[in-house]
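Peer 1: Quick one: structure below, then a few questions.
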Amino acid sequence: MIARAETRADVPASGVLASLLKRAALAAGVAFLLTVGIVGFELVSSTGELEYHTRFGSIVVTVAAVFFGYLAMGLLQAGLIWPAIIGAVVVGAVLLFVLVGSIRDPSLERFLPYESSIVDWSLLMFPVGIVLRGLWLFGKARSQAKTGRIAGSRRYSGWLAWALIGAALVLPFMPFADRRLVDIATLTLTYIMLGWGLNIVVGLAGLLDLGYVAFYAVGAYSYALLSTNYGLGFWVCLPLAGALAATFGILLGFPVLRLRGDYLAIVTLGFGEMIRIVLINWYWFTGGPNGINNVARPSFFGLDFDRNPDEGVAAFHTFFGIEYSPMQRVVFLYFLILACALVTNHFTLRIRKMPLGRAWEALREDETACRALGINPTNTKLTAFAFGAMFAGFAGSFFAARQGFISPESFVFLESAVILAIVVLGGLGSQIGIVLAAVVLIGIPEFFRELKDYRMLAFGLGMVLIMVWRPGGLLAHRDPTMLLHGRKRGRS
Amino acid sequence: MAYFSQQLINGLALGSIYGLIAIGYTMVYGIIGMINFAHGDIYMLGAFHSLILFLILGSLGVTWVPLAILLVLVFAMVLTAMYGWAVERVAYRPLRGSTRIAPLISAIGMSILLQNYVLLLQGARGKPLHGVVTGSIPLFEQGGFVVQIGYMQILIILVTIVLMAGFTWLITRTTLGRAQRACEQDRRMAALLGVNIDRTISMTFVIGASLAAVAGLMVTLYYGIIDFYIGFVAGIKAFTAAVLGGIGSLPGAMLGGMLIGLIEAFWSAYFTVEYKDVAAFSVLVLVLIFRPTGLLGKPDVEKV
């Protein structure tokens, strides 16, 4: 702030404004070049012959938005808060007028740039954001309050974890918990478990794995094939799926774990794609692109969740003498994945304190030093790979059991990217951070399914923005677990 | 022999396209050490820009094919290069000097963003473009099988050779190329000696994106259909090509691209089409195990 105040004193406001206008015009020019082709012309091939429709309105709106947005942000940065706020209010008011008007008078809609009214309305976020930021800066400049980081935030993570577990336990019994909410929570927990599993590989051992979904697929297909071909139950298959996935992890890991960093990333990515291609083409074994149908659902200590179970199988609702409700299975699956996830978490937290976990973390920090200390890097990495794969295998067989149907479509690279994003955005190595990132990336977008096209757009944008805003992840946690002479207290 | 020669021609044409994309990966990796995951999508944007420009030129009445292709080439390179520049400015520059993994995640996010951006704007359907450059020259005949080289294949290989020559000149002879090589060796030292690091890195992205745009144009003409998803697979293969040739090495990228193209063509011809991607990746794994620096890469000295 001080440096900025000095520049403000040195350079007259008109000079600031001139250079700002120039830069804003430049940004607008870039925006024009970016949008003129791909936004301005829509390719349509409805009649078989390709033609184009023009959408110049969208270009004008985007270029204007970039120009004024850049100008407002620049003004805020230069300390000229009030002009920015007034400008944002004016732009916002015009926008609001058109938006409100378009409800009553549809002819105004042609001034709106996008086809979806929700997206048009969300344009209001920009002026509102600028006003809020301006007011915040204004308030800060007045009070000169120092906002320090909350010291010792780690201390709260203990009870925060217990509070989260408590909340997760009572969630399905809350009055507002309908089927949709529990389903979303189950999905989020699946990703939390996958994130915790991948965290062993990426966060602890520091191995960049872009093909994690391969092990998820191995787990899912193991369970689906074992149950449809041999009639094995979920609880028998769960450890088998984990073991198979871990075996795959070792098999794939063995040749490639000597590679470092980015090479490993690209090879794991290649393996992930290879497994998917094999699943698609190995028709007689995996069912090819059609996948596997009618995978058996898991039972609760031998009790089924069907209304009319098969001969000789007891049903959950008759055994406990309660009304049948489809929610029972949904809630059961929710608790199942919650238990699996908590086991993963517990495992990670414990193994970090064991020699193996320490070796992983040491390897992440300095491989050469580890070698000098007699740690075998290949074997150590291989165990991390195998454990990570095992948890993916568990999660995969849960996924197959929950869906009742699997196909290679579910195991595309995007899934690997999403899981890796959860781990990294949460802050590498941070267990709670992963929960937070999974809720932000999976849980919240799931509520906006109606906007499905914009959902993935926002997902990608969110990944970029979170990384730019906090490169270390939402809750960065990379401290060594153990330090000499309790230096830890002094630092955090 | 005839069949073999035909596959050789097909493989070289395909490999040229991979090589053009691979250069973008290898340059960026060489200079800032990150995998620019969004590069495949930049190539996809290049293909879309080419298609749009062809239609515009068509409606403006430019029907002489060589002129149309030249105009499309220039404009598509400019428009796509802006994307390369903007992606670097928005998603990577703020993360310079951060952890290794942060720009990678940002790049994956950018890739998802660009794919869905084009999906939203242009729809999910494949966009066809019917024969702009058609016809072929029969080379020789053997046992009833005519080996022929298409005009399109000639065009692809010629354009690639010309661009590679120009590009080699740019890297070895110009100030910009010297600055790029300096940044690659030691960024801080280069900055101390007056090289504008930000500008050099931006230019690297611009060059990579414009080469990807050329590849996009070639693919649009060669296959005649594109969609928003083509960037992903082509991107992975081009990266594979870059690693195969030795990442950071420009001739290596071209060589790797050619090899991947040839492997794909021969594998599809003699074995199975379905597993051609598996073949490309298997070669990558084998190369990395036995020669981790790639074919033309310099050995990576490990420092403590």
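The values are calculated or read from the model by the stated rules, or taken from the named source; none is laboratory data. Everything quoted here is computed from the prediction, not taken from an experiment. Using ideal geometry, Cβ is built from the backbone for each residue, glycine included, and neighbour counts are taken over all protein chains shown. Please note that ligands, DNA and RNA were not included when accessible areas were found on the heavy atoms of the full protein model with its side chains. Shrake-Rupley method; radii C 1.70, N 1.55, O 1.52, S 1.80 Å.
Peer 1: Looking at residue A:320, is it open to solvent by 60 Å² or more (accessible area, probe 1.4 Å), more than 31 Å from the chain's Cα centre (by Cα) and at pLDDT below 85?
Peer 2: The answer is yes for residue A:320.
Peer 1: Do the conditions hold for residue A:365, that is, is it touching a residue at least 12 places away in the same chain (Cβ under 8 Å) and exposed (fewer than 14 other Cβ atoms within 10 Å of the Cβ)?
Peer 2: Answer is yes for this residue.
Peer 1: Take residue A:297 and decide whether it is under 31 Å from the mean Cα position of the chain (by Cα), of a type in the set (Lys, Arg) and more than 14 Å from every other protein chain (Cβ to nearest Cβ).
Peer 2: The answer is yes for residue A:297.
Peer 1: Here are some residues: A:417, A:401. Which one is in contact with a helix residue (DSSP H, G or I) (Cβ under 6 Å, 6 or more places away or on another chain), closer than 20 Å to residue A:227 by Cβ and touching a residue at least 40 places away in the same chain (Cβ under 8 Å)?
Peer 2: Values: A:417 fails: closer than 20 Å to residue A:227 by Cβ.
Step by step, each of A:417, A:401 is checked, and only A:401 is in contact with a helix residue (DSSP H, G or I) (Cβ under 6 Å, 6 or more places away or on another chain), closer than 20 Å to residue A:227 by Cβ and touching a residue at least 40 places away in the same chain (Cβ under 8 Å).
Peer 1: Please go through the range A:32-45 and give me each residue that is within 9 Å of chain B (Cβ to nearest Cβ) and either crowded, with 20+ Cβ neighbours inside 10 Å or not in a helix (DSSP H, G or I) (or both), ordered by number.
Peer 2: Those that are within 9 Å of chain B (Cβ to nearest Cβ) and either crowded, with 20+ Cβ neighbours inside 10 Å or not in a helix (DSSP H, G or I) (or both): A:34, A:37, A:38, A:39, A:40, A:41, A:42, A:43, A:44, A:45.
Peer 1: One residue is enough: does the range B:269-277 have a residue meeting the conditions modelled with pLDDT under 85 and open to solvent by less than 40 Å² (accessible area, probe 1.4 Å)?
Peer 2: Yes; the residues of the range B:269-277 include at least one that is modelled with pLDDT under 85 and open to solvent by less than 40 Å² (accessible area, probe 1.4 Å).
Peer 1: Please work out if residue B:37 is outside any helix (DSSP H, G or I) and at pLDDT below 90.
Peer 2: So residue B:37 passes the test.
Here is a yes/no grid of residues against (1) more than 8 Å from chain A (Cβ to nearest Cβ); (2) open to solvent by less than 10 Å² (accessible area, probe 1.4 Å); (3) not in a helix (DSSP H, G or I):
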position: B:74; (1), (2), (3): yes, no, no
position: B:84; (1), (2), (3): yes, yes, no
position: B:90; (1), (2), (3): no, no, no
position: B:93; (1), (2), (3): yes, no, no
position: B:104; (1), (2), (3): no, yes, no
position: B:107; (1), (2), (3): yes, yes, no
position: B:118; (1), (2), (3): no, yes, no
position: B:121; (1), (2), (3): no, no, no
position: B:124; (1), (2), (3): yes, no, yes
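Peer 1: Moving on to the next point. Could you run through the range A:406-437 and say how many residues are in contact with a strand residue (DSSP E or B) (Cβ under 7 Å, 6 or more places away or on another chain) and surrounded by fewer than 22 Cβ atoms within 10 Å (Cβ to Cβ)?
Peer 2: Here the count works out to 0.
Peer 1: Of the residues that make up the range B:254-272, is at least one more than 27 Å from residue B:168 (Cα to Cα) and at the interface with chain A (Cβ under 10 Å from one of its Cβ atoms)?
Peer 2: Yes, the range B:254-272 contains at least one residue that is more than 27 Å from residue B:168 (Cα to Cα) and at the interface with chain A (Cβ under 10 Å from one of its Cβ atoms).
Peer 1: Could you go through the range B:217-226 and let me know if any residue there is under 20 Å from residue B:92 (Cα atoms), touching a Gly at 6+ places or on another chain (Cβ under 6 Å) and at pLDDT below 90.
Peer 2: no
Peer 1: Assuming residue A:275 fulfils every condition listed in (1) modelled with pLDDT of 85 or more; (2) open to solvent by 50 Å² or more (accessible area, probe 1.4 Å); (3) within 14 Å of chain B (Cβ to nearest Cβ) apart from one, which condition is it?
Peer 2: (2)
Peer 1: Residue A:179: modelled with pLDDT of 75 or more and among the basic types (Lys, Arg), yes or no?
Peer 2: Against the criterion (modelled with pLDDT of 75 or more and among the basic types (Lys, Arg)), residue A:179 qualifies.
Peer 1: Let me ask something else. Are any residues in the range A:404-431 modelled with pLDDT under 85, in a helix (DSSP H, G or I) and more than 9 Å from chain B (Cβ to nearest Cβ), and if so, which ones?
Peer 2: Matches in the range A:404-431: A:426, A:431.
Peer 1: Please pick out the residue among B:286, B:244 that is out of contact with any helix residue (DSSP H, G or I) (no Cβ under 7 Å at 6 or more places or on another chain) and either in a helix (DSSP H, G or I) or within 12 Å of chain A (Cβ to nearest Cβ) (or both).
Peer 2: B:286
Peer 1: Of all residues being over 23 Å from residue A:395 (Cα atoms) and among the aliphatic types (A, V, I, L, M) in the range A:227-263, which is modelled with the lowest pLDDT? Just the residue, please.
Peer 2: A:259
Peer 1: Test residue A:163 against the stated conditions and say whether it is open to solvent by 20 Å² or more (accessible area, probe 1.4 Å) and aliphatic (A, V, I, L, M).
Peer 2: In short, yes.
Peer 1: When you scan the range A:295-315, do you find a residue that is assigned to a helix (DSSP H, G or I) and surrounded by 15 or more Cβ atoms within 10 Å (Cβ to Cβ), even just one? Reasoning before the result, please.
Peer 2: The initial filter retains those residues of the range A:295-315 that are assigned to a helix (DSSP H, G or I), namely none.
No: the range A:295-315 contains no residue that is assigned to a helix (DSSP H, G or I) and surrounded by 15 or more Cβ atoms within 10 Å (Cβ to Cβ).
Peer 1: Looking at A:326, A:289, can you tell me which residue is open to solvent by 50 Å² or more (accessible area, probe 1.4 Å) and at pLDDT 80 or above?
Peer 2: A:289
Peer 1: Here is a further query. Hey, any hits in the range B:39-58 for a residue that's more than 10 Å from chain A (Cβ to nearest Cβ) and either touching a Pro at 6+ places or on another chain (Cβ under 7 Å) or surrounded by fewer than 24 Cβ atoms within 10 Å (Cβ to Cβ) (or both)?
Peer 2: Yes, because at least one residue in the range B:39-58 is more than 10 Å from chain A (Cβ to nearest Cβ) and either touching a Pro at 6+ places or on another chain (Cβ under 7 Å) or surrounded by fewer than 24 Cβ atoms within 10 Å (Cβ to Cβ) (or both).
Yes or no, residue by residue, for (1) more than 9 Å from chain B (Cβ to nearest Cβ); (2) part of a helix (DSSP H, G or I); (3) open to solvent by less than 50 Å² (accessible area, probe 1.4 Å); (4) in contact with a helix residue (DSSP H, G or I) (Cβ under 9 Å, 6 or more places away or on another chain):
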| site | (1), (2), (3), (4) |
| --- | --- |
| A:245 | yes, yes, yes, yes |
| A:255 | no, yes, yes, yes |
| A:267 | no, yes, yes, yes |
| A:280 | no, yes, no, yes |
